[in-house]
1. Closer than 21 Å to residue 34 by Cβ, among the charged types (D, E, K, R), part of a loop (DSSP other than H, G, I, E, B) and modelled with pLDDT of 95 or more: is that true of residue 60 in this structure?
2. Taking the stretch 28-40 on its own, how many of its residues are out of contact with any helix residue (DSSP H, G or I) (no Cβ under 6 Å at 6 or more places or on another chain), under 14 Å from residue 7 (Cα atoms) and surrounded by fewer than 17 Cβ atoms within 10 Å (Cβ to Cβ)?
3. Please specify each residue of the stretch 25-41 satisfying the condition of being over 13 Å from the mean Cα position of the chain (by Cα) and of a type in the set (Ser, Thr, Tyr).
4. Step by step: first the residues of the stretch 81-133, then only those that are in a helix (DSSP H, G or I) and of a type in the set (A, V, I, L, M), then the one that is farthest from residue 36 (Cα to Cα). Which residue is that?
5. Could you please give the count of residues in the stretch 47-66 that are surrounded by fewer than 21 Cβ atoms within 10 Å (Cβ to Cβ) and within 16 Å of the chain's Cα centre (by Cα)?
6. Does the stretch 128-160 hold any residues that are surrounded by fewer than 13 Cβ atoms within 10 Å (Cβ to Cβ) and among the aliphatic types (A, V, I, L, M), and which are they?
Amino acid sequence: MPRIGIALGANLGDRLSHLQAARNLLLELSTGPLIQAPVYQTEPLLCPAESPDFYNTVVEICYEGSPLDLLEITQGIEKQLGRTEKVERNAPRVIDVDLLYFGDQIVDTEVLELPHPRLAQRRFVLHPLSTIRPELILPGQMKKVGELFNELDSDEPPLALVTQDW
């Protein structure tokens, strides 16, 4: 059964509660144990001026359906938790639920690319992912997630730990 990595982010409202609600809905889908990284506060990246800081984390679940089925479900979770259609690119949001990887599958469609094409360039994803799966080698990569994180060359500032247990 494939393990699926999912990034969660929120920068509007009660950020931690939004992450918890998304995690709980994903747990209901999981056919195996859910693994969760700590929650970190991060500065907005490529967002409009004056955007609030994000809370970001990564969870990993087991899922028996297809990547496109799970994409549809995660988009439904975003809507259920109050995310509205973005008028402006990278606008502040109540919740963001992004598929990072789906076992060893490579997906390249108009609506979904897996592994996520910018995963290895983003501290706010690599840092939490490296806390739960440092030995993971993603499809198309030669290095482990922990190595990618340690070698990351990014202008993003270090992440601030919010909570280990959430």
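1. no
2. Of the residues in the stretch 28-40, 0 are out of contact with any helix residue (DSSP H, G or I) (no Cβ under 6 Å at 6 or more places or on another chain), under 14 Å from residue 7 (Cα atoms) and surrounded by fewer than 17 Cβ atoms within 10 Å (Cβ to Cβ).
3. Listed by number, the residues that qualify are 30, 31.
4. Applying the filter and picking the extreme gives 120.
5. The total comes to 2.
6. Passing the criteria: 142, 160.
The values are calculated or read from the model by the stated rules, or taken from the named source; none is laboratory data. Since the structure is predicted, the reported quantities are computational estimates derived from the model, not experimental observations. All Cβ positions, even for glycine, are placed from backbone atoms using ideal geometry, and neighbour counts span all protein chains on display.
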